[in-house]
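Undergrad: Right, I'll just put the structure down here and ask away after.
The values are calculated or read from the model by the stated rules, or taken from the named source; none is laboratory data. Everything numeric here is computed off the predicted structure, so don't read it as measured data. Note that each Cβ is placed from the backbone with ideal geometry, even for glycine, and that neighbours are counted across all protein chains shown. Ligands, DNA and RNA are excluded from the accessible area calculation, which covers all protein heavy atoms including side chains. Shrake-Rupley method; radii C 1.70, N 1.55, O 1.52, S 1.80 Å.
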Amino acid sequence: MSMVQNFPFFSIIIAMFSGIVSSVLDGKRARDLSLCGILVTTGMSAAVLHFCIRSGQSYTYMMGHFPAPWGNEIRAGVLEGLTAMMFGLVMFFAVVGGMDHTAADVEKGKQNLFYIMVDLMLSSLLALIYTNDLFTAYVFVEINTIAGCGLIMIRQKGRSLSAAIRYMIMSQLGSGLFLIGLSLLYDVTGHLLMSPAKEAVAAIEAAGLYGVPMLVIMAVVSVGLAIKSGLYPFHYWIPDTYGYATPTASAILSGLVSKGYIFLLVKIFYRVLGRENVIASEIVNVLFVFGLMGMLMGSVHAILEKDTRRMIAYSSVAQIGYIYMGIGLGTQAGMVAAVFHMFTHSATKALLFISAVGLYEVSGDRKDFRSLQGAGYKNPLAGIGFAVGALSMVGFPMLSGFISKLLFATSALQSPHKMLPTVIALAVSTVLNAVYFLRLVITLYTIPAKADVAGAMAPEKIPEAWGRGRGAWKLHLAVACFILLNLVLGLYSQPIVGWIGSGLAMFD
(Lines give C-alpha, C1' and ligand atoms only; values in the text may rest on other atoms or scores of the structure.)
Protein backbone atom coordinates (compact mmCIF):
# COMPACT_ATOMS: atom_id res chain seq x y z
CA MET A 1 0.00 0.00 0.00
CA SER A 2 1.30 3.45 -0.92
CA MET A 3 1.84 5.97 1.88
CA VAL A 4 -0.64 8.31 0.20
CA GLN A 5 -3.40 5.76 0.73
CA ASN A 6 -3.04 6.27 4.48
CA PHE A 7 -3.64 10.02 4.22
CA PRO A 8 -7.45 9.99 4.60
CA PHE A 9 -7.13 8.19 7.93
CA PHE A 10 -4.21 10.39 9.01
CA SER A 11 -6.10 13.58 8.16
CA ILE A 12 -9.10 12.63 10.31
CA ILE A 13 -6.86 11.66 13.23
CA ILE A 14 -4.71 14.81 12.93
CA ALA A 15 -7.80 17.02 13.05
CA MET A 16 -9.19 15.17 16.08
CA PHE A 17 -5.90 15.21 18.00
CA SER A 18 -5.46 18.92 17.23
CA GLY A 19 -8.70 19.48 19.12
CA ILE A 20 -7.58 17.30 22.02
CA VAL A 21 -4.20 19.03 22.33
CA SER A 22 -5.83 22.48 22.03
CA SER A 23 -7.74 21.80 25.25
CA VAL A 24 -4.54 22.44 27.24
CA LEU A 25 -3.28 25.38 25.13
CA ASP A 26 -4.06 29.06 25.26
CA GLY A 27 -6.06 30.73 22.51
CA LYS A 28 -3.13 31.84 20.35
CA ARG A 29 -1.36 28.49 20.39
CA ALA A 30 -4.65 26.66 19.79
CA ARG A 31 -5.25 28.92 16.79
CA ASP A 32 -1.79 28.24 15.37
CA LEU A 33 -2.18 24.49 15.88
CA SER A 34 -5.59 24.57 14.19
CA LEU A 35 -4.20 26.46 11.18
CA CYS A 36 -1.30 24.01 10.88
CA GLY A 37 -3.69 21.07 11.11
CA ILE A 38 -5.93 22.49 8.41
CA LEU A 39 -2.94 23.09 6.12
CA VAL A 40 -1.54 19.60 6.65
CA THR A 41 -4.86 17.84 6.07
CA THR A 42 -5.55 19.97 2.99
CA GLY A 43 -2.16 19.00 1.58
CA MET A 44 -2.93 15.34 2.29
CA SER A 45 -6.28 15.66 0.52
CA ALA A 46 -4.53 17.17 -2.51
CA ALA A 47 -2.13 14.21 -2.52
CA VAL A 48 -5.07 11.76 -2.36
CA LEU A 49 -6.72 13.57 -5.27
CA HIS A 50 -3.53 13.38 -7.35
CA PHE A 51 -3.07 9.68 -6.50
CA CYS A 52 -6.64 8.76 -7.49
CA ILE A 53 -6.47 10.78 -10.73
CA ARG A 54 -3.26 8.99 -11.71
CA SER A 55 -4.53 5.52 -10.76
CA GLY A 56 -7.98 6.09 -12.25
CA GLN A 57 -9.72 4.21 -9.46
CA SER A 58 -10.83 4.47 -5.85
CA TYR A 59 -9.57 2.37 -2.96
CA THR A 60 -10.65 1.29 0.52
CA TYR A 61 -8.60 1.46 3.71
CA MET A 62 -9.36 -1.12 6.38
CA MET A 63 -9.22 0.20 9.94
CA GLY A 64 -8.19 -2.42 12.49
CA HIS A 65 -7.82 -6.15 11.88
CA PHE A 66 -11.34 -7.08 10.81
CA PRO A 67 -12.35 -7.04 7.13
CA ALA A 68 -15.82 -6.32 5.77
CA PRO A 69 -18.57 -6.79 6.72
CA TRP A 70 -17.51 -6.53 10.39
CA GLY A 71 -14.70 -4.01 10.27
CA ASN A 72 -14.67 -0.28 9.64
CA GLU A 73 -13.45 1.15 6.36
CA ILE A 74 -12.44 4.41 4.76
CA ARG A 75 -12.92 4.89 1.03
CA ALA A 76 -11.12 7.45 -1.12
CA GLY A 77 -11.57 8.41 -4.76
CA VAL A 78 -11.30 11.43 -6.99
CA LEU A 79 -14.43 13.11 -5.66
CA GLU A 80 -13.53 12.51 -2.02
CA GLY A 81 -10.05 13.96 -2.47
CA LEU A 82 -11.35 16.96 -4.41
CA THR A 83 -14.08 17.72 -1.87
CA ALA A 84 -11.75 17.37 1.13
CA MET A 85 -9.20 19.68 -0.50
CA MET A 86 -11.83 22.31 -1.30
CA PHE A 87 -13.27 22.18 2.21
CA GLY A 88 -9.80 22.52 3.70
CA LEU A 89 -8.98 25.59 1.60
CA VAL A 90 -12.25 27.31 2.50
CA MET A 91 -11.82 26.55 6.20
CA PHE A 92 -8.22 27.82 6.25
CA PHE A 93 -9.09 31.11 4.56
CA ALA A 94 -12.14 31.54 6.81
CA VAL A 95 -10.08 31.08 9.98
CA VAL A 96 -7.36 33.47 8.77
CA GLY A 97 -9.84 36.13 7.65
CA GLY A 98 -11.83 36.13 10.87
CA MET A 99 -9.15 35.44 13.49
CA ASP A 100 -8.96 39.03 14.75
CA HIS A 101 -12.73 39.15 15.18
CA THR A 102 -12.58 35.81 16.95
CA ALA A 103 -10.10 37.30 19.41
CA ALA A 104 -12.42 40.28 19.95
CA ASP A 105 -15.74 38.40 20.12
CA VAL A 106 -14.71 35.43 22.27
CA GLU A 107 -13.60 35.70 25.90
CA LYS A 108 -9.86 35.33 26.24
CA GLY A 109 -10.10 32.27 28.45
CA LYS A 110 -12.41 30.50 26.00
CA GLN A 111 -10.66 31.16 22.70
CA ASN A 112 -9.05 27.72 22.71
CA LEU A 113 -12.56 26.24 22.94
CA PHE A 114 -13.43 27.99 19.67
CA TYR A 115 -10.52 26.34 17.89
CA ILE A 116 -11.34 22.99 19.46
CA MET A 117 -14.74 23.30 17.78
CA VAL A 118 -13.04 24.21 14.48
CA ASP A 119 -10.81 21.12 14.73
CA LEU A 120 -13.77 18.87 15.55
CA MET A 121 -15.70 20.38 12.65
CA LEU A 122 -12.81 19.64 10.29
CA SER A 123 -12.45 16.05 11.50
CA SER A 124 -16.19 15.42 11.18
CA LEU A 125 -16.33 16.86 7.66
CA LEU A 126 -13.37 14.73 6.59
CA ALA A 127 -14.98 11.66 8.14
CA LEU A 128 -18.29 12.30 6.33
CA ILE A 129 -16.34 12.60 3.08
CA TYR A 130 -14.14 9.52 3.49
CA THR A 131 -16.09 7.04 5.60
CA ASN A 132 -17.35 3.81 4.08
CA ASP A 133 -19.39 2.91 7.16
CA LEU A 134 -22.88 4.22 7.85
CA PHE A 135 -22.71 4.09 11.63
CA THR A 136 -19.40 5.97 11.61
CA ALA A 137 -21.13 8.54 9.41
CA TYR A 138 -23.86 8.95 12.02
CA VAL A 139 -21.33 9.35 14.83
CA PHE A 140 -19.56 12.15 12.96
CA VAL A 141 -22.87 13.74 12.02
CA GLU A 142 -23.43 14.17 15.74
CA ILE A 143 -19.89 15.47 16.31
CA ASN A 144 -20.51 17.93 13.49
CA THR A 145 -23.73 19.08 15.16
CA ILE A 146 -22.08 19.59 18.55
CA ALA A 147 -19.15 21.48 17.00
CA GLY A 148 -21.51 23.67 14.98
CA CYS A 149 -23.57 24.48 18.06
CA GLY A 150 -20.39 25.38 19.96
CA LEU A 151 -19.23 27.70 17.17
CA ILE A 152 -22.55 29.54 17.27
CA MET A 153 -22.90 30.01 21.03
CA ILE A 154 -19.24 30.81 21.78
CA ARG A 155 -20.03 34.56 21.67
CA GLN A 156 -22.49 34.07 24.56
CA LYS A 157 -24.84 36.85 23.49
CA GLY A 158 -28.62 36.67 23.51
CA ARG A 159 -29.18 36.22 19.78
CA SER A 160 -26.30 33.76 19.39
CA LEU A 161 -27.56 31.64 22.27
CA SER A 162 -31.11 31.52 20.90
CA ALA A 163 -29.71 30.73 17.45
CA ALA A 164 -27.68 27.86 18.92
CA ILE A 165 -30.76 26.43 20.62
CA ARG A 166 -32.77 26.62 17.41
CA TYR A 167 -29.90 25.06 15.48
CA MET A 168 -29.60 22.23 18.00
CA ILE A 169 -33.33 21.47 17.94
CA MET A 170 -33.54 21.31 14.16
CA SER A 171 -30.27 19.40 13.85
CA GLN A 172 -31.38 16.80 16.37
CA LEU A 173 -34.65 16.37 14.51
CA GLY A 174 -32.69 15.69 11.32
CA SER A 175 -30.26 13.40 13.14
CA GLY A 176 -33.11 11.43 14.64
CA LEU A 177 -34.70 10.80 11.25
CA PHE A 178 -31.33 9.86 9.80
CA LEU A 179 -30.73 7.37 12.63
CA ILE A 180 -34.18 5.84 12.14
CA GLY A 181 -33.37 5.36 8.46
CA LEU A 182 -30.04 3.69 9.24
CA SER A 183 -31.68 1.42 11.83
CA LEU A 184 -34.30 0.30 9.33
CA LEU A 185 -31.64 -0.23 6.68
CA TYR A 186 -29.58 -2.39 9.03
CA ASP A 187 -32.70 -4.36 9.98
CA VAL A 188 -33.45 -5.05 6.30
CA THR A 189 -29.92 -5.65 4.97
CA GLY A 190 -27.86 -6.69 8.01
CA HIS A 191 -25.00 -4.40 6.94
CA LEU A 192 -23.63 -0.99 7.85
CA LEU A 193 -20.65 -0.91 5.48
CA MET A 194 -21.73 0.81 2.29
CA SER A 195 -20.59 -1.74 -0.29
CA PRO A 196 -22.16 -4.84 1.33
CA ALA A 197 -25.29 -2.81 2.07
CA LYS A 198 -25.60 -1.84 -1.59
CA GLU A 199 -25.30 -5.48 -2.65
CA ALA A 200 -28.01 -6.44 -0.18
CA VAL A 201 -30.27 -3.60 -1.38
CA ALA A 202 -29.78 -4.73 -4.98
CA ALA A 203 -30.74 -8.30 -4.06
CA ILE A 204 -33.82 -7.07 -2.19
CA GLU A 205 -34.93 -4.93 -5.14
CA ALA A 206 -34.34 -7.80 -7.58
CA ALA A 207 -36.49 -10.10 -5.43
CA GLY A 208 -39.22 -7.48 -5.09
CA LEU A 209 -39.12 -7.61 -1.29
CA TYR A 210 -39.55 -4.92 1.39
CA GLY A 211 -40.96 -2.33 -1.01
CA VAL A 212 -42.56 -0.15 1.66
CA PRO A 213 -39.67 -0.35 4.17
CA MET A 214 -37.17 0.60 1.45
CA LEU A 215 -39.32 3.58 0.47
CA VAL A 216 -39.50 4.66 4.13
CA ILE A 217 -35.71 4.32 4.44
CA MET A 218 -35.12 6.51 1.41
CA ALA A 219 -37.62 9.08 2.64
CA VAL A 220 -36.42 9.46 6.24
CA VAL A 221 -32.72 9.50 5.28
CA SER A 222 -33.38 12.15 2.63
CA VAL A 223 -35.58 14.29 4.88
CA GLY A 224 -33.20 13.98 7.84
CA LEU A 225 -30.18 15.20 5.87
CA ALA A 226 -32.30 17.82 4.08
CA ILE A 227 -33.29 19.29 7.45
CA LYS A 228 -29.68 19.37 8.61
CA SER A 229 -28.52 21.04 5.39
CA GLY A 230 -31.25 23.71 5.50
CA LEU A 231 -33.40 22.81 2.50
CA TYR A 232 -36.58 24.91 2.25
CA PRO A 233 -38.95 24.76 4.18
CA PHE A 234 -36.63 23.44 6.93
CA HIS A 235 -34.52 26.58 6.77
CA TYR A 236 -35.75 28.77 9.62
CA TRP A 237 -32.68 28.16 11.76
CA ILE A 238 -30.34 29.53 9.07
CA PRO A 239 -30.76 33.36 9.29
CA ASP A 240 -29.95 33.66 13.00
CA THR A 241 -27.35 30.89 12.90
CA TYR A 242 -25.33 32.43 10.08
CA GLY A 243 -26.13 36.03 10.94
CA TYR A 244 -25.13 36.20 14.61
CA ALA A 245 -22.12 33.88 14.84
CA THR A 246 -18.53 35.13 14.62
CA PRO A 247 -17.33 35.81 11.03
CA THR A 248 -15.22 32.65 10.92
CA ALA A 249 -18.08 30.55 12.28
CA SER A 250 -20.55 32.08 9.80
CA ALA A 251 -18.20 31.34 6.89
CA ILE A 252 -17.64 27.74 8.03
CA LEU A 253 -21.28 27.03 8.85
CA SER A 254 -22.67 28.52 5.63
CA GLY A 255 -19.89 27.35 3.34
CA LEU A 256 -19.10 23.86 4.61
CA VAL A 257 -21.42 22.28 7.17
CA SER A 258 -24.52 21.96 5.01
CA LYS A 259 -22.34 20.70 2.12
CA GLY A 260 -20.99 17.89 4.29
CA TYR A 261 -24.52 16.59 4.84
CA ILE A 262 -25.37 16.93 1.15
CA PHE A 263 -22.21 15.06 0.18
CA LEU A 264 -23.16 12.26 2.58
CA LEU A 265 -26.63 12.11 1.01
CA VAL A 266 -25.10 11.82 -2.47
CA LYS A 267 -22.85 8.99 -1.24
CA ILE A 268 -25.82 7.12 0.24
CA PHE A 269 -27.82 7.53 -2.97
CA TYR A 270 -25.01 6.14 -5.09
CA ARG A 271 -23.18 3.74 -2.81
CA VAL A 272 -25.95 2.30 -0.62
CA LEU A 273 -29.48 2.73 -1.96
CA GLY A 274 -28.54 2.76 -5.64
CA ARG A 275 -29.22 5.80 -7.81
CA GLU A 276 -31.65 3.90 -10.05
CA ASN A 277 -33.67 2.78 -7.03
CA VAL A 278 -33.86 6.32 -5.67
CA ILE A 279 -35.02 7.64 -9.04
CA ALA A 280 -37.62 4.88 -9.32
CA SER A 281 -38.95 5.73 -5.85
CA GLU A 282 -39.57 9.33 -7.02
CA ILE A 283 -37.83 10.72 -3.93
CA VAL A 284 -35.78 12.85 -6.32
CA ASN A 285 -38.98 14.47 -7.57
CA VAL A 286 -39.80 15.64 -4.05
CA LEU A 287 -36.28 17.03 -3.63
CA PHE A 288 -36.63 18.73 -7.02
CA VAL A 289 -39.84 20.52 -6.01
CA PHE A 290 -38.46 21.69 -2.67
CA GLY A 291 -35.25 22.75 -4.39
CA LEU A 292 -37.20 24.96 -6.79
CA MET A 293 -39.19 26.43 -3.90
CA GLY A 294 -35.98 27.14 -2.00
CA MET A 295 -34.41 28.88 -5.01
CA LEU A 296 -37.31 31.30 -5.21
CA MET A 297 -38.45 31.75 -1.60
CA GLY A 298 -34.93 32.13 -0.25
CA SER A 299 -34.35 34.98 -2.69
CA VAL A 300 -37.70 36.61 -1.84
CA HIS A 301 -36.84 36.56 1.88
CA ALA A 302 -33.40 38.01 1.09
CA ILE A 303 -34.97 40.92 -0.82
CA LEU A 304 -37.22 41.75 2.15
CA GLU A 305 -34.34 41.84 4.65
CA LYS A 306 -32.85 45.12 5.87
CA ASP A 307 -30.06 43.48 7.89
CA THR A 308 -27.33 42.51 5.42
CA ARG A 309 -26.17 39.57 7.57
CA ARG A 310 -29.60 37.98 7.38
CA MET A 311 -29.81 38.83 3.69
CA ILE A 312 -26.61 36.88 3.01
CA ALA A 313 -27.93 34.05 5.18
CA TYR A 314 -31.24 33.85 3.28
CA SER A 315 -29.21 33.74 0.07
CA SER A 316 -27.81 30.43 1.34
CA VAL A 317 -31.37 29.04 1.42
CA ALA A 318 -31.69 29.83 -2.28
CA GLN A 319 -28.29 28.35 -3.12
CA ILE A 320 -29.00 25.13 -1.22
CA GLY A 321 -32.19 24.98 -3.28
CA TYR A 322 -30.03 25.04 -6.42
CA ILE A 323 -28.08 22.01 -5.18
CA TYR A 324 -31.19 19.97 -4.38
CA MET A 325 -32.75 20.99 -7.68
CA GLY A 326 -29.71 19.51 -9.47
CA ILE A 327 -29.97 16.30 -7.42
CA GLY A 328 -33.70 16.19 -8.14
CA LEU A 329 -33.14 16.22 -11.90
CA GLY A 330 -32.21 12.56 -11.51
CA THR A 331 -29.48 12.62 -14.15
CA GLN A 332 -25.72 12.28 -13.98
CA ALA A 333 -25.32 15.77 -15.46
CA GLY A 334 -27.62 17.21 -12.81
CA MET A 335 -25.60 15.55 -10.06
CA VAL A 336 -22.36 16.94 -11.51
CA ALA A 337 -23.92 20.42 -11.55
CA ALA A 338 -25.09 20.01 -7.94
CA VAL A 339 -21.64 18.94 -6.71
CA PHE A 340 -19.93 21.76 -8.61
CA HIS A 341 -22.36 24.24 -7.06
CA MET A 342 -21.43 22.87 -3.64
CA PHE A 343 -17.89 24.05 -4.34
CA THR A 344 -19.12 27.34 -5.81
CA HIS A 345 -21.28 28.12 -2.81
CA SER A 346 -18.61 27.08 -0.32
CA ALA A 347 -16.05 29.47 -1.77
CA THR A 348 -18.44 32.32 -2.58
CA LYS A 349 -20.50 32.41 0.59
CA ALA A 350 -17.39 32.37 2.77
CA LEU A 351 -16.04 35.24 0.63
CA LEU A 352 -19.24 37.23 1.21
CA PHE A 353 -19.22 36.79 4.99
CA ILE A 354 -15.51 37.58 5.39
CA SER A 355 -15.69 40.59 3.04
CA ALA A 356 -18.75 41.89 4.87
CA VAL A 357 -16.72 42.02 8.09
CA GLY A 358 -14.34 44.57 6.61
CA LEU A 359 -17.28 46.64 5.36
CA TYR A 360 -19.00 46.61 8.74
CA GLU A 361 -15.83 47.69 10.53
CA VAL A 362 -15.54 50.86 8.45
CA SER A 363 -19.26 51.61 8.92
CA GLY A 364 -19.36 51.84 12.70
CA ASP A 365 -20.18 48.11 12.96
CA ARG A 366 -23.61 48.80 11.46
CA LYS A 367 -25.17 46.17 9.21
CA ASP A 368 -28.13 47.96 7.61
CA PHE A 369 -28.08 49.18 4.01
CA ARG A 370 -28.05 52.89 4.79
CA SER A 371 -25.04 52.65 7.10
CA LEU A 372 -23.01 50.78 4.48
CA GLN A 373 -23.17 53.59 1.93
CA GLY A 374 -19.65 54.34 0.72
CA ALA A 375 -18.09 51.41 2.62
CA GLY A 376 -16.58 50.09 -0.59
CA TYR A 377 -14.36 53.17 -0.77
CA LYS A 378 -13.29 52.97 2.87
CA ASN A 379 -12.14 49.35 2.61
CA PRO A 380 -11.43 48.82 -1.11
CA LEU A 381 -10.39 45.17 -1.04
CA ALA A 382 -13.37 44.15 1.10
CA GLY A 383 -15.65 46.05 -1.30
CA ILE A 384 -14.10 44.30 -4.30
CA GLY A 385 -14.36 40.95 -2.56
CA PHE A 386 -18.05 41.45 -1.78
CA ALA A 387 -18.71 42.61 -5.35
CA VAL A 388 -16.98 39.53 -6.77
CA GLY A 389 -18.97 37.25 -4.47
CA ALA A 390 -22.23 38.99 -5.34
CA LEU A 391 -21.55 38.85 -9.08
CA SER A 392 -20.67 35.17 -8.78
CA MET A 393 -23.99 34.42 -7.07
CA VAL A 394 -25.81 36.33 -9.81
CA GLY A 395 -23.94 34.37 -12.49
CA PHE A 396 -21.47 36.83 -13.97
CA PRO A 397 -19.19 35.28 -16.66
CA MET A 398 -15.68 34.14 -15.63
CA LEU A 399 -16.85 33.51 -12.06
CA SER A 400 -17.81 30.16 -10.55
CA GLY A 401 -21.52 31.00 -10.22
CA PHE A 402 -21.80 31.42 -13.98
CA ILE A 403 -20.44 27.91 -14.56
CA SER A 404 -22.87 26.50 -11.98
CA LYS A 405 -25.90 28.03 -13.68
CA LEU A 406 -24.64 26.98 -17.09
CA LEU A 407 -24.26 23.40 -15.86
CA PHE A 408 -27.76 23.43 -14.35
CA ALA A 409 -29.27 24.78 -17.57
CA THR A 410 -27.52 22.22 -19.80
CA SER A 411 -28.30 19.33 -17.45
CA ALA A 412 -31.99 20.28 -17.55
CA LEU A 413 -31.98 19.49 -21.27
CA GLN A 414 -31.42 15.82 -20.41
CA SER A 415 -34.59 15.72 -18.31
CA PRO A 416 -37.45 16.71 -20.67
CA HIS A 417 -40.21 16.61 -18.07
CA LYS A 418 -38.28 18.91 -15.72
CA MET A 419 -36.61 21.13 -18.29
CA LEU A 420 -39.20 23.92 -18.42
CA PRO A 421 -39.63 24.45 -14.63
CA THR A 422 -35.85 24.27 -14.20
CA VAL A 423 -35.12 26.92 -16.83
CA ILE A 424 -37.91 29.20 -15.56
CA ALA A 425 -36.74 28.87 -11.94
CA LEU A 426 -33.14 29.56 -12.98
CA ALA A 427 -34.18 32.71 -14.85
CA VAL A 428 -36.43 34.03 -12.09
CA SER A 429 -33.95 33.20 -9.35
CA THR A 430 -31.14 34.93 -11.25
CA VAL A 431 -33.21 38.10 -11.52
CA LEU A 432 -34.04 37.95 -7.80
CA ASN A 433 -30.37 37.37 -6.97
CA ALA A 434 -29.47 40.45 -8.96
CA VAL A 435 -32.08 42.53 -7.12
CA TYR A 436 -30.71 42.04 -3.62
CA PHE A 437 -27.02 41.49 -4.32
CA LEU A 438 -26.50 44.26 -6.84
CA ARG A 439 -28.59 46.62 -4.70
CA LEU A 440 -26.08 46.13 -1.90
CA VAL A 441 -23.08 46.43 -4.22
CA ILE A 442 -24.45 49.75 -5.54
CA THR A 443 -25.00 50.88 -1.94
CA LEU A 444 -21.37 50.13 -1.08
CA TYR A 445 -20.22 52.54 -3.77
CA THR A 446 -22.80 55.25 -3.16
CA ILE A 447 -21.60 58.26 -1.15
CA PRO A 448 -24.20 59.38 1.44
CA ALA A 449 -26.01 62.48 0.19
CA LYS A 450 -25.29 64.62 3.26
CA ALA A 451 -21.77 63.38 3.90
CA ASP A 452 -18.54 65.21 3.23
CA VAL A 453 -17.07 63.08 0.44
CA ALA A 454 -13.47 63.90 1.36
CA GLY A 455 -14.13 63.26 5.01
CA ALA A 456 -16.01 60.02 4.33
CA MET A 457 -12.95 58.56 2.68
CA ALA A 458 -10.31 60.19 4.82
CA PRO A 459 -7.79 57.63 6.16
CA GLU A 460 -8.04 58.92 9.72
CA LYS A 461 -11.75 58.00 9.78
CA ILE A 462 -11.01 54.35 9.03
CA PRO A 463 -10.45 52.10 12.07
CA GLU A 464 -6.73 51.48 12.52
CA ALA A 465 -7.04 47.70 12.83
CA TRP A 466 -8.95 47.23 9.60
CA GLY A 467 -8.31 50.12 7.25
CA ARG A 468 -4.55 50.53 7.27
CA GLY A 469 -3.13 48.89 10.40
CA ARG A 470 -1.28 45.64 10.92
CA GLY A 471 -4.44 43.65 11.55
CA ALA A 472 -5.87 44.37 8.12
CA TRP A 473 -3.54 42.01 6.24
CA LYS A 474 -5.23 38.86 7.55
CA LEU A 475 -8.68 39.82 6.33
CA HIS A 476 -7.26 41.19 3.08
CA LEU A 477 -5.25 38.01 2.49
CA ALA A 478 -8.32 35.84 3.04
CA VAL A 479 -10.45 38.00 0.72
CA ALA A 480 -7.77 37.93 -2.00
CA CYS A 481 -7.45 34.13 -1.72
CA PHE A 482 -11.21 33.65 -1.89
CA ILE A 483 -11.38 35.86 -5.00
CA LEU A 484 -8.60 33.78 -6.58
CA LEU A 485 -10.38 30.53 -5.67
CA ASN A 486 -13.58 31.84 -7.25
CA LEU A 487 -11.74 32.75 -10.44
CA VAL A 488 -10.05 29.34 -10.58
CA LEU A 489 -13.44 27.61 -10.30
CA GLY A 490 -14.81 29.88 -13.03
CA LEU A 491 -11.91 29.95 -15.50
CA TYR A 492 -10.60 26.40 -15.02
CA SER A 493 -13.90 24.64 -14.50
CA GLN A 494 -13.45 22.03 -17.23
CA PRO A 495 -10.96 19.78 -15.41
CA ILE A 496 -12.85 20.21 -12.15
CA VAL A 497 -16.12 19.18 -13.79
CA GLY A 498 -14.28 16.22 -15.32
CA TRP A 499 -12.98 15.15 -11.93
CA ILE A 500 -16.46 15.40 -10.45
CA GLY A 501 -17.86 13.23 -13.24
CA SER A 502 -15.15 10.60 -12.87
CA GLY A 503 -15.56 10.64 -9.08
CA LEU A 504 -19.31 10.03 -9.35
CA ALA A 505 -18.61 7.23 -11.84
CA MET A 506 -16.35 5.62 -9.21
CA PHE A 507 -19.28 5.70 -6.78
CA ASP A 508 -21.15 3.29 -9.04
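Undergrad: Would you mind telling me which numbered condition in (1) surrounded by fewer than 17 Cβ atoms within 10 Å (Cβ to Cβ); (2) more than 23 Å from the chain's Cα centre (by Cα); (3) closer than 19 Å to Met506 by Cβ His50 fails?
TA: Status for His50: all satisfied but (2).
Undergrad: Which residues, taken from region 172-216, are open to solvent by less than 10 Å² (accessible area, probe 1.4 Å), more than 25 Å from the chain's Cα centre (by Cα) and either closer than 22 Å to Tyr324 by Cβ or charged (D, E, K, R) (or both)?
TA: Within region 172-216, Leu185, Met214 qualify.
Undergrad: Okay, moving on. Inspect region 214-227 for any residue being over 14 Å from Leu273 (Cβ atoms), at pLDDT below 90, out of contact with any Cys (no Cβ under 8 Å at 6 or more places or on another chain) and not hydroxyl-bearing (Ser, Thr, Tyr) and give the result as yes or no.
TA: Within region 214-227, none of the residues are over 14 Å from Leu273 (Cβ atoms), at pLDDT below 90, out of contact with any Cys (no Cβ under 8 Å at 6 or more places or on another chain) and not hydroxyl-bearing (Ser, Thr, Tyr).
Undergrad: Quick one: in region 429-442, of everything that is among the hydroxyl-bearing types (Ser, Thr, Tyr) and open to solvent by less than 20 Å² (accessible area, probe 1.4 Å), which residue is farthest from Leu287 (Cα to Cα)?
TA: Among those that are among the hydroxyl-bearing types (Ser, Thr, Tyr) and open to solvent by less than 20 Å² (accessible area, probe 1.4 Å), it is Tyr436.
Undergrad: Checking Thr60 against (1) assigned to a helix (DSSP H, G or I); (2) of a type in the set (S, T, N, Q); (3) farther than 18 Å from Ala249 by Cα, only one condition comes out false. Which one?
TA: Looking at each condition in turn, Thr60 falls short on (1).
Undergrad: Restricted to region 83-119, and to residues that are of a type in the set (D, E, K, R) and open to solvent by 10 Å² or more (accessible area, probe 1.4 Å), which residue is nearest to Cys52 (Cα to Cα)?
TA: Out of the qualifying residues, it is Asp100.
Undergrad: If you go through region 30-43 one residue at a time, do you hit one that is in a helix (DSSP H, G or I), of a type in the set (Lys, Arg) and either open to solvent by less than 30 Å² (accessible area, probe 1.4 Å) or in contact with a helix residue (DSSP H, G or I) (Cβ under 7 Å, 6 or more places away or on another chain) (or both)?
TA: Yes: one or more hits.
Undergrad: Go through region 14-73 and give me each residue that's among the aromatic types (Phe, Trp, Tyr) and within 17 Å of Thr131 (Cα to Cα).
TA: Correct list: Tyr59, Tyr61, Phe66, Trp70.
Undergrad: Test Val272 against the stated conditions and say whether it is open to solvent by less than 40 Å² (accessible area, probe 1.4 Å), more than 30 Å from Val95 (Cα to Cα) and in contact with a Lys or Arg (Cβ under 9 Å, 6 or more places away or on another chain).
TA: Yes: the conditions hold for Val272.
Undergrad: A follow-up question, please. So Asp240 ticks every box in (1) farther than 28 Å from Lys418 by Cα; (2) at pLDDT 85 or above but one. Which box is left unticked?
TA: (2)
Undergrad: Just to be sure I understand the filter: pairs with C-beta atoms under 8 Å, separated by 6 or more residues or on different chains, first member in region 314-336 and hydrophobic (A, V, I, L, M, F, W, C), second member open to solvent by 10 Å² or more (accessible area, probe 1.4 Å) and part of a loop (DSSP other than H, G, I, E, B). Which pairs pass?
TA: Val317/Tyr232; Ile320/Tyr232; Leu329/Gln414; Leu329/Ser415; Ala333/Gln414
Undergrad: Between Arg54, Arg75, which is within 21 Å of Ile496 (Cα to Cα) and assigned to a strand (DSSP E or B)?
TA: After ruling out the rest, the residue left standing is Arg75.
Undergrad: Let me ask you something else. So is Leu426 of a type in the set (A, V, I, L, M, F, W, C) and surrounded by fewer than 17 Cβ atoms within 10 Å (Cβ to Cβ) or not?
TA: No, not satisfied.
Undergrad: Further question on the same structure: Given the condition open to solvent by less than 30 Å² (accessible area, probe 1.4 Å), in contact with a Ser or Thr (Cβ under 8 Å, 6 or more places away or on another chain) and more than 18 Å from Ser229 (Cβ to Cβ), answer yes or no: does some residue in region 141-158 qualify?
TA: So far as region 141-158 goes, yes, one or more of its residues are open to solvent by less than 30 Å² (accessible area, probe 1.4 Å), in contact with a Ser or Thr (Cβ under 8 Å, 6 or more places away or on another chain) and more than 18 Å from Ser229 (Cβ to Cβ).
Undergrad: Quick one: would you say Ala137 is among the small types (Gly, Ala, Ser), open to solvent by less than 40 Å² (accessible area, probe 1.4 Å), in contact with a strand residue (DSSP E or B) (Cβ under 7 Å, 6 or more places away or on another chain) and closer than 30 Å to Ser250 by Cβ?
TA: It is true that Ala137 is among the small types (Gly, Ala, Ser), open to solvent by less than 40 Å² (accessible area, probe 1.4 Å), in contact with a strand residue (DSSP E or B) (Cβ under 7 Å, 6 or more places away or on another chain) and closer than 30 Å to Ser250 by Cβ.
Undergrad: State which residue is modelled with the highest pLDDT when the search covers only region 475-501 and only residues that are farther than 18 Å from Thr344 by Cβ and surrounded by fewer than 18 Cβ atoms within 10 Å (Cβ to Cβ).
TA: So the residue we want is Ala480.
Undergrad: Check region 92-106 and report whether any residue there is in a helix (DSSP H, G or I), in contact (Cβ under 8 Å) with a residue 40 or more places away in the chain, in contact with a Leu (Cβ under 9 Å, 6 or more places away or on another chain) and of a type in the set (Ser, Thr, Tyr).
TA: no
Undergrad: Moving to a separate point now. Right, Gly19: within 22 Å of Val339 (Cβ to Cβ) and touching a residue at least 40 places away in the same chain (Cβ under 8 Å) or not?
TA: no
Undergrad: Determine whether Ser162 is at pLDDT 85 or above, polar (S, T, N, Q) and surrounded by fewer than 16 Cβ atoms within 10 Å (Cβ to Cβ).
TA: Here the answer is no, as Ser162 does not meet what is asked.
Undergrad: Just give me the residues in region 240-268 being hydroxyl-bearing (Ser, Thr, Tyr) and open to solvent by less than 10 Å² (accessible area, probe 1.4 Å), in sequence order.
TA: Thr241, Tyr242, Thr246, Thr248, Ser250, Ser254, Ser258, Tyr261
Undergrad: Restricting to region 20-29, what's the tally of residues that are over 9 Å from Ile116 (Cα atoms) and buried (at least 17 other Cβ atoms within 10 Å of the Cβ)?
TA: 2
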